[in-house]
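The values are calculated or read from the model by the stated rules, or taken from the named source; none is laboratory data. Note that the coordinates shown come from a computational prediction; the quantities given were computed from them, not determined experimentally. Cβ placement follows ideal geometry from the backbone for every residue including glycine, while neighbour counts extend to all protein chains displayed. SASA here: full protein model, heavy atoms, side chains in, ligands and nucleic acids out. Shrake-Rupley method; radii C 1.70, N 1.55, O 1.52, S 1.80 Å.
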Amino acid sequence: MEDFAFYADLKDLDISDQQLIKRAQEATRFSYAPYSNFFVGAALLLQDGTIVIGANQENVSYPLCMCAERVVLYNMAIQHPAKQILKMTVVARKNEEFVPATCCGACRQVMLEFELRQKRNFEVIMLGADQKWIKCSAVSVLIPFQFEF
Ligand code: THU
């Protein structure tokens, strides 16, 4: 698979990808975002078919806000520590409309560590600014020249 694949329509993605996107969309209902009104949902597909969801959680002290991606990963790390992640989907909603959103840099760094820990790439699917779905073959392609020591 190429590093990135682009899809103009949701229906062009595999059924399992579409289902995982749906779960991320549903997860936006658990978002707590009274300050930004930007409701982000994320879903993980694990190797045994388990799906884990997360959503962003904000705080009146703004820097304490936690992105959906990190919420779902930290949830998975505790609830399913022995399982590998196959795929992650991330979506965002403003009011009732889904809008483009790609993972922030901080989340990419955290996602990368999960990928390295499990010694297996996982796919990341999100909606780009041009309304095309972006499917990344691995987290490592989203964060080149990574920090290591
Ligand atoms: N947010 C995420 O949940 N994921 C991202 O990748 C970017 C931003 C959240 C954080 C904050 O609650 C809201 O979106 C606005 O930045």
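Just N56, N121, N95 to compare: in a GNM of the chain, with alpha carbon springs under 10 Å, which one fluctuates most?
N95
Report the GluC sites (Glu not before Pro) located in the stretch 77-145 that are in a DSSP loop and have at most 11 other Cβ atoms inside 10 Å of their Cβ, or state none. Please list the in-between numbers first.
Values: sites: E96, E97, E113, E115, E123; in loops: E96.
Passing sites in the stretch 77-145 are E96.
What accessible area per residue comes out for the chain, rounded to a whole number of Å², with a 1.4 Å probe? Let's see the in-between values first.
On the way: 8230 Å² over 149 residues.
Per residue, the chain has 55 Å² of solvent-accessible surface.
When the dipole is taken about the Cα centre of the stretch 1-129, and only Lys, Arg (+1) and Asp, Glu (-1) are charged at their Cβ, what size is it in debye, to the nearest 20?
Details: 13 positive and 15 negative charges, 80 e Å.
The calculated dipole for the stretch 1-129 is roughly 380 debye.
When the accessible area of the stretch 1-96 is split by element with a 1.4 Å probe, what percent falls to carbon and sulfur?
On the way: 2830 of 5260 Å².
Carbon and sulfur together cover 54 percent of it.
Taking only Cα atoms of the stretch 10-66, what ratio of Rg to Rh do you get with Rh as the Kirkwood inverse-distance radius? Please report the intermediate quantities before stating the final value.
Working: Rg = 13.4 Å, Rh = 12.3 Å.
That ratio is 1.09, to two decimals.
Cut-off under 15 Å on the C-alpha distance; same-chain residues fewer than 8 positions from K135 excluded. Which aspartates and glutamates are left, in chain and number order?
E2, D3, D9, D12, D14, D17, E123
If we sort 67-73, 11-17 on the protection proxy, mean other Cβ atoms within 10 Å, highest first, what's the order?
Details: 67-73: 24.0, 11-17: 13.0.
Packing proxy ranking, top to bottom: 67-73, 11-17.
How do the peptides 23-32, 140-149 rank, highest first, by the average count of neighbouring beta carbon atoms within 10 Å per residue? Show your work: numbers first, answer last.
Numbers: 23-32: 18.5, 140-149: 10.7.
Per-residue Cβ counts within 10 Å, averaged per peptide and sorted highest first, yield 23-32, 140-149.
Run the quick spin-label model on Y32 and Q118: label points 7 Å from Cα toward the beta carbon, then report their separation in nm to one decimal.
2.6 nm
Assuming R0 = 30 Å, what is the FRET efficiency of S137 and H80, from their Cβ-Cβ distance, to the nearest 0.05?
Values: r = 22 Å, r/R0 = 0.75.
Given R0 = 30 Å and the Cβ-Cβ separation, E is 0.85.
Restrict the search to the stretch 87-123; then list the trypsin sites (Lys or Arg not before Pro) that DSSP places in a loop and that have at most 14 other Cβ atoms within 10 Å of their Cβ.
On the way: sites: K87, R93, K94, R108, R117, K119, R120; in loops: K119, R120.
Sparse-neighbourhood loop trypsin sites (Lys or Arg not before Pro): K119, R120.
Along the three principal axes, how long is the chain when you take its alpha carbons, biggest first, rounded to the nearest angstrom?
Per principal axis, max minus min of the Cα coordinates gives 37, 37, 31 Å.
Full extension from K94 to Q19: what is 0.36 nm times the residue separation minus their Cα-Cα distance, to one decimal in nm?
Working: separation 75, 0.36 × 75 = 27.00 nm, distance 2.08 nm.
Full extension from K94 to Q19 adds 24.9 nm.
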